[in-house]
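Q: My questions all concern the structure below.
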Amino acid sequence: MILKSLKDNSPLGIAIAVLVFAGFACSAVMPYGGWMWIVPQSGSLIFGDIRNFLGSFGTPLLLGICFVLLNIMEVLVMTSLNNRFELTRAKGSLFFVVTAAVGMCYIPYNVLLPEQFAAVFIMLGMFPILNSNGKDVAVYNLFDAGLFFGVATLFCFNAVITLFFGIAAITVFRPYRFNEIMMLVLGIITPVLFYFAGYYLSNSEIMPVWENIAEEFSIRHIFTPVGNNLVFLIAGTAWLVVTGLMMAGLYTRFNVFEGRVYRFLFMVFVITVGAALSPFLSIETLRIALCPAAFMTVTVFYNIKQGFWSELLFAAFLLSSIALHVYLAL
């Protein structure tokens, strides 16, 4: 009765969540094949400084610990978002297990990525977006969301897709207004302007930064579905099909606000996956999709009728994630 224990947030469920999360985290703090020795050189304005600072201590263990702490932070923000807007009555145990199974099963990406930092700020930007529901005027909500998205862009160039997240939110939660889109854009560029203003005031050379940005967006990223990537693609597609069909069956049970939220999360997921598979952004962009993916998976498992088949389905989901994890570790 693993699923029931996690749903009830019982002591057994909490113990299972800790064990599962710790098991997946081992690939970061005790790297297989030296994955943690290689930290991606992804395009970012400030991630390079963070990477160099952590690397100065001379141990990959610290990078692994930071990776695990960021995963915990993502779960805490998701549970806070869930509790604030009462999207589902699922507790933290189920969120921890699902987040670990979805976001930490693919060992090659169990490294400290700029997308992880960006994902935390993007999820924080969801708070003012969801608060905009039903308001006559939401320019300040969208500006606040834009600020969070702008900070995410400082950590990761791939976070420029958050502009489309904001546009999706406007189309879902409220009538279309051009001035709200402009406030969203202003919010996104404000942290970037402050960053370059700091460079100017400190008399630092700005041209290398511009060259870094231009180089990042001139690279064509090609996702090749072979080897481990093919296994990951097959497993991910199977999970998407099952989760999508079950979410479609649950949709009529949601109230108006919940229906809007899950439509928005689905749009965010589709935008992120499409961007990650495009040649313009790197495949690591998929990390940003963790929030909507985890929310939809938690919703499916929490709302599914309790019984033998629900336990079997959850066990199959968890075991397949563990099997993928172990397969990539060998």
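The values are calculated or read from the model by the stated rules, or taken from the named source; none is laboratory data. Remember, it's a predicted structure, so these values are computed and weren't measured experimentally. With ideal geometry, Cβ positions are generated from the backbone for all residues, glycine too; neighbour counts draw on all protein chains shown. Heads up: the accessible areas ignore ligands, DNA and RNA and are worked out on the full protein's heavy atoms, side chains in. Shrake-Rupley method; radii C 1.70, N 1.55, O 1.52, S 1.80 Å.
Q: Kindly list, by first and then second residue, each pair from a residue in the stretch 280-293 that is more than 18 Å from PHE95 (Cα to Cα) to a residue that is crowded, with 24+ Cβ neighbours inside 10 Å and among the aliphatic types (A, V, I, L, M), limited to pairs with Cβ atoms under 7 Å and residues at least 6 apart or on different chains.
A: Pairs that qualify, where the first residue is more than 18 Å from PHE95 (Cα to Cα) and the partner is crowded, with 24+ Cβ neighbours inside 10 Å and among the aliphatic types (A, V, I, L, M), are GLU284/LEU113.
Yes/no matrix, rows are residues, columns are (1) touching a helix residue (DSSP H, G or I) at 6+ places or on another chain (Cβ under 8 Å); (2) modelled with pLDDT under 85; (3) outside any loop (DSSP other than H, G, I, E, B); (4) within 20 Å of GLY103 (Cβ to Cβ):
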{"residue": "ILE234", "(1), (2), (3), (4)": "no, yes, yes, yes"}
{"residue": "LEU240", "(1), (2), (3), (4)": "no, yes, yes, yes"}
{"residue": "GLY259", "(1), (2), (3), (4)": "yes, no, yes, no"}
{"residue": "TYR262", "(1), (2), (3), (4)": "yes, no, yes, yes"}
{"residue": "PHE266", "(1), (2), (3), (4)": "yes, no, yes, yes"}
{"residue": "PHE269", "(1), (2), (3), (4)": "yes, no, yes, yes"}
{"residue": "THR272", "(1), (2), (3), (4)": "yes, no, yes, yes"}
{"residue": "LEU281", "(1), (2), (3), (4)": "yes, yes, no, yes"}
{"residue": "ALA293", "(1), (2), (3), (4)": "yes, no, yes, yes"}
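Q: Against the condition in contact (Cβ under 8 Å) with a residue 60 or more places away in the chain and touching a Pro at 6+ places or on another chain (Cβ under 9 Å), how does CYS156 come out, does it pass? It would help to see each step written out before you state the result.
A: Values: in contact (Cβ under 8 Å) with a residue 60 or more places away in the chain: yes; touching a Pro at 6+ places or on another chain (Cβ under 9 Å): yes.
Yes; evaluated as a whole, the condition is true for this residue.
Q: A further question follows. So GLU115 passes all but one of these: (1) charged (D, E, K, R); (2) crowded, with 24+ Cβ neighbours inside 10 Å; (3) modelled with pLDDT of 90 or more. Which condition number does it fail?
A: The number of the failed condition is (3).
Q: Next question. VAL226 passes all but one of (1) open to solvent by 50 Å² or more (accessible area, probe 1.4 Å); (2) farther than 30 Å from LEU313 by Cα; (3) modelled with pLDDT under 80; which number fails?
A: Only one criterion is unmet by VAL226, namely (2).
Q: Also: Need a quick list: helices (runs of 4 or more DSSP H) entirely within the stretch 69-167 having at least 3 residues that are under 12 Å from the mean Cα position of the chain (by Cα). Break it down stepwise before answering.
A: Details: elements: 92-103, 114-131, 139-155.
The qualifying helices (runs of 4 or more DSSP H) are 92-103, 114-131.
Q: Exactly one of (1) open to solvent by less than 10 Å² (accessible area, probe 1.4 Å); (2) farther than 17 Å from TYR262 by Cα is unmet by MET123. Its number?
A: Condition (2) is where MET123 drops out.
Q: Using the structure shown, decide if GLU180 is in a helix (DSSP H, G or I), more than 26 Å from ALA276 (Cα to Cα) and open to solvent by less than 20 Å² (accessible area, probe 1.4 Å).
A: Yes; evaluated as a whole, the condition is true for this residue.
Q: Here's a follow-up. Only one of (1) open to solvent by 50 Å² or more (accessible area, probe 1.4 Å); (2) modelled with pLDDT under 85 fails for LEU19. Which number is that?
A: For LEU19, the failing item is (2).
Yes/no matrix, rows are residues, columns are (1) crowded, with 20+ Cβ neighbours inside 10 Å; (2) more than 13 Å from ALA159 (Cα to Cα):
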{"position": "VAL256", "(1), (2)": "no, yes"}
{"position": "THR272", "(1), (2)": "yes, no"}
{"position": "ALA276", "(1), (2)": "yes, no"}
{"position": "PRO279", "(1), (2)": "no, yes"}
{"position": "LEU286", "(1), (2)": "yes, no"}
{"position": "LEU290", "(1), (2)": "yes, yes"}
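Q: In contact (Cβ under 8 Å) with a residue 12 or more places away in the chain, open to solvent by 10 Å² or more (accessible area, probe 1.4 Å), within 27 Å of PHE155 (Cβ to Cβ) and in a helix (DSSP H, G or I), is that true of VAL298?
A: No; evaluated as a whole, the condition is false for this residue.
Q: Another question, then. Would the stretch 191-202 turn up any residue that is surrounded by 14 or more Cβ atoms within 10 Å (Cβ to Cβ) and under 22 Å from the mean Cα position of the chain (by Cα)?
A: Checked the stretch 191-202: at least one residue is surrounded by 14 or more Cβ atoms within 10 Å (Cβ to Cβ) and under 22 Å from the mean Cα position of the chain (by Cα).
Q: For the stretch 303-330, give me the residue count where each residue is open to solvent by 50 Å² or more (accessible area, probe 1.4 Å) and farther than 18 Å from VAL241 by Cα.
A: The total comes to 8.
Q: Next up: For the stretch 84-106, indicate whether the set of residues that are in contact with an Asp or Glu (Cβ under 9 Å, 6 or more places away or on another chain), among the β-branched types (Val, Ile, Thr) and open to solvent by less than 10 Å² (accessible area, probe 1.4 Å) is non-empty.
A: Yes: one or more hits.
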